[in-house]
Amino acid sequence: MASRKRTLLKVIILGDSGVGKTSLMNQYVNRKFSKQYKATIGADFLTKEVQVDDRLVTMQIWDTAGQERFQSLGVAFYRGADCCVLVHDVNTAKTFENLENWRDEFLIQASPNDPDNFPFVVLGNKVDVDEGASRVVSEKKAKSWCTSKGNGDIPYFETSAKEDVNVEEAFACIARSAKRSEERRVGKECRSRW
């Protein structure tokens with residue numbers, strides 16, 4: 001019986017320091033949440049095997065540092081990405097305002113073949129804080145930003161890494177987006193060889 005080649009999907013998570021990128025990744029991959037905050041230095045990644053449609057794929061999820069001083073590391077980590085996840089904290093306006101910079105920086109550093117159609121997914125994290133009382137970024141405002149970018153809608157999910165709200169659903173969408181992106185890239189590579 002011939003073994004089928006396993007698909008590796010590379011996903012990059014970007015956003016300001018403290019928005020919950022590491023917590024979201026750990027909740028999804030390890031089903032764990034830690035209250036201890038420890039800033040990511042440079043980048044780290046976890047892998048998870050998931051079923052996407054009819055295929056078993058390995059998602060390699062890269063968690064990057066949100067501090068400015070580590071942004072120069074971007075090129076090496078961003079290259080070859082199949083999907084980019086932009087995360088903001090719904091309780092901190094500045095983290096939402098900075099999504100534009102993170103998106104632009106990713107497109108410059110990763111230089112995907114088709115930047116207009118490259119898949120992004122936006123997560124508004126920490127919806128559990130103060131039962132929503134300290135929220136400053138509305139779902140409507142975030143969805144409007146997603147609609148205004150690129151070629152069509154960017155999927156948007158409101159999440160809580162702490163309470164495990166929408167984490168599984170968001171990453172299922174991320175996996176599907178990454179798989180479609182990887183299939184388009186492989187298809188183009190095959191056509192360019194002939």
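The values are calculated or read from the model by the stated rules, or taken from the named source; none is laboratory data. The shown structure was predicted, so the numbers you read here are calculated from the model rather than taken from an experiment. We place every Cβ from the backbone using ideal geometry, glycine too, and count neighbours over all the protein chains shown. Accessible surface is based on the protein model in full, side chains and every heavy atom, while ligands, DNA and RNA are left aside. Shrake-Rupley method; radii C 1.70, N 1.55, O 1.52, S 1.80 Å.
Some notes on this structure:
- Applying a threshold of 8 Å to beta carbon distances and a minimum spacing of six or more residues, or different chains, the list of pairs starting in the range 90-105 at a residue that is under 13 Å from K141 (Cβ atoms) and ending at one that is among the small types (G, A, S) and assigned to a helix (DSSP H, G or I) reads V90/A142; F96/A142.
- Exactly one residue out of A39, A2, A93, A76 is out of contact with any Phe, Trp or Tyr (no Cβ under 7 Å at 6 or more places or on another chain), open to solvent by 10 Å² or more (accessible area, probe 1.4 Å) and at pLDDT 80 or above: that is A93.
- Check on V127, farther than 24 Å from N26 by Cβ, assigned to a loop (DSSP other than H, G, I, E, B), out of contact with any Leu (no Cβ under 9 Å at 6 or more places or on another chain) and in contact (Cβ under 8 Å) with a residue 12 or more places away in the chain: no
- Taking residues in the range 158-183 that are in contact (Cβ under 8 Å) with a residue 40 or more places away in the chain and under 15 Å from F118 (Cβ atoms), and partners anywhere that are open to solvent by 20 Å² or more (accessible area, probe 1.4 Å) and of a type in the set (A, V, I, L, M), the pairs with Cβ atoms closer than 9 Å and at least 6 places apart or on different chains are E182/L8.
- Among the residues of the range 120-179, the ones that are of a type outside the set (D, E, K, R), more than 25 Å from D53 (Cα to Cα) and open to solvent by 60 Å² or more (accessible area, probe 1.4 Å) come to 5 in all.
- Filter pass, D53 being of a type outside the set (F, W, Y), under 19 Å from S181 (Cβ atoms) and at pLDDT below 90: yes
- Of the helices (runs of 4 or more DSSP H) contained entirely in the range 72-112, those carrying at least 1 residues that are farther than 18 Å from I61 by Cα fall at 93-97, 99-110.
- Among the conditions (1) assigned to a loop (DSSP other than H, G, I, E, B); (2) modelled with pLDDT under 95, the only one that V136 does not satisfy is (2).
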